[in-house]
Amino acid sequence: MTEKVKVRIDGEVIAATAGQTILQVARANNKYIPALCYMEGLSAVGACRLCMVEVSGVARLLPACTTPVQEGLAVATSSPQLQSYRKIALELLFAERNHVCAVCVSSGHCELQTLAQDHGITHIRYPYNFPRLSVDTSHPRYVLDHNRCVLCSRCVRTCDEIEGAHVWDIAGRGINSRLVSELKRPWGEATSCTSCGKCVQACPTGAMAEKGFGVEEMTKQRTVVSRLTTMREGQ
Amino acid sequence: MTTGHATALPHPEDQDLVDRIIGDQAGRPGALLGILEKLQDRNPHKYLPMETLEYVAARTGIPQSQVYGVATFYALFNLDPQGTHTVAICRGTACHTRGSRALLERVKLQLGLQETSEGADKLTLTTPDRRFTIRTVACFGQCALAPVVEIDHAIRGHVKEQALIREVEALRRDRSR
């Protein structure tokens, strides 16, 4: 049975179904909460910390993508404090790796870039990490550029949950975390990869791209992954 | 190029052992951690070779990337052969302020080891003859004894540079092990 609940998002009373997350309810009602690791159709992991919201009666901030709604829940989605925290989270993403929009295939179609613009980020207040990272061009059709990876793990979940291959995972920990295929094999040598390309479409940045695209040319069909889940549920 | 579906290990006797360990643990939630820990413990060089990881993945049905992710996330797992003797130097705050950095540098110099990458949360260096491995530890929880050094699983407190050099030298001279 689906239990109906009433929640308040930024003051507006909204009817929702118990079990839905704050982010799902907000998106269904045209309330904007930024998110990077969340993708409709995939499990939510709460990794990017951009969808943090204030819930009245709770002292700490909660990620909207993993917090289920309850009757009488009141959420604030964009206080000055949240805005400042989101800016910090975004700036730290930029500082962590080598995000150079000017030479990126996804410039103009990049979720990280869009989020930065939406949050009025014009410069990064933290020293850049400038890690020495590799670009994996071993796959005949796709490229993986670690410089542009934000470790959102969308590709990991897409490959595991939608394609069922689980080629990708995150290795290491902390600042040394890296996306790996199989046992850190080059992508082109990963025998479990079906070359379906859904990870590429799910990637929010230019970290994964199809070969043969120049700067700004790699537009992505992000709805593909979400639509697959919806279609399968309908069966 | 290695194939994605290994069903055999280089040495058959290893395979029996590995199969037994996997059999004991398989199916339990979090079984992978126990399997990897036991396998590393039984390995003569206390590490997890790539073939072993590949075999574990094939036998348990856990994706290779997940096995690799677990093996690299936990500091206790080694992906490279370890030396016969292990010198673990604490890098915790208490030990650092009591000069553990100097101890590390001194032992590295003594064994002719060079740091390849600075800043990693765990530093592991092994001599080419595989007699010594030097590693850093985040904290032993023995801060009152700072600086703390663990030599072959025995904890030494209030370690002085000269004492440490003497101990390592004694191990180096002892060719029987």
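List of remarks:
- Scan of segment A:44-64 for residues that are more than 11 Å from the chain's Cα centre (by Cα) and either of a type outside the set (Asp, Glu) or in a loop (DSSP other than H, G, I, E, B) (or both), ordered by number: A:Met52, A:Val53, A:Val55, A:Ser56, A:Gly57, A:Val58, A:Ala59, A:Arg60, A:Leu61, A:Leu62, A:Pro63, A:Ala64
- For segment B:79-104, residues that are over 29 Å from B:Ala144 (Cβ atoms) and either aliphatic (A, V, I, L, M) or within 14 Å of chain A (Cβ to nearest Cβ) (or both) total 2.
- Helices (runs of 4 or more DSSP H) lying entirely in segment B:59-177 (those with 3 or more residues that are more than 30 Å from A:Arg185 (Cα to Cα)): B:93-97, B:100-111, B:161-173
- Test: residue in segment A:151-170 that is more than 12 Å from chain B (Cβ to nearest Cβ), buried (at least 21 other Cβ atoms within 10 Å of the Cβ), assigned to a loop (DSSP other than H, G, I, E, B) and not aromatic (Phe, Trp, Tyr): yes
- Some residue of segment B:149-170 being in contact (Cβ under 8 Å) with a residue 24 or more places away in the chain, surrounded by 14 or more Cβ atoms within 10 Å (Cβ to Cβ) and either within 14 Å of chain A (Cβ to nearest Cβ) or among the polar types (S, T, N, Q) (or both): no
- Of residues in segment B:21-66 being more than 14 Å from chain A (Cβ to nearest Cβ) and under 18 Å from A:His166 (Cα atoms), the one surrounded by the fewest Cβ atoms within 10 Å (Cβ to Cβ): B:Gly30
- Residue match in segment A:140-148 (condition: buried (at least 18 other Cβ atoms within 10 Å of the Cβ), in contact (Cβ under 8 Å) with a residue 24 or more places away in the chain, within 14 Å of chain B (Cβ to nearest Cβ) and among the hydroxyl-bearing types (Ser, Thr, Tyr)): no
- Residue, nearest to the other protein chains (Cβ to nearest Cβ), within segment A:177-209, restricted to residues that are assigned to a loop (DSSP other than H, G, I, E, B) and closer than 22 Å to A:Gln113 by Cβ: A:Ser177
- Per-region count, segment A:127-139, residues in a loop (DSSP other than H, G, I, E, B) and surrounded by 12 or more Cβ atoms within 10 Å (Cβ to Cβ): 7
- Note on segment B:39-56: among residues that are more than 14 Å from B:Ile21 (Cβ to Cβ) and outside any loop (DSSP other than H, G, I, E, B), the one that is farthest from the chain's Cα centre (by Cα) is B:Glu54.
- Selected residue (only one of A:Gly234, A:Gly206, A:Gly197 is free of Cβ contacts under 8 Å to residues at least 40 places away in the same chain and either loosely packed, with under 15 Cβ neighbours inside 10 Å or of a type outside the set (Ser, Thr, Tyr) (or both)): A:Gly234
Read the figures in this text as sums done on the coordinates, not as results from a lab. Being a predicted model, the structure only gives us computed values, none of them experimental. Here Cβ is always computed from backbone atoms with ideal geometry, including for glycine, and neighbour counts include all displayed protein chains.
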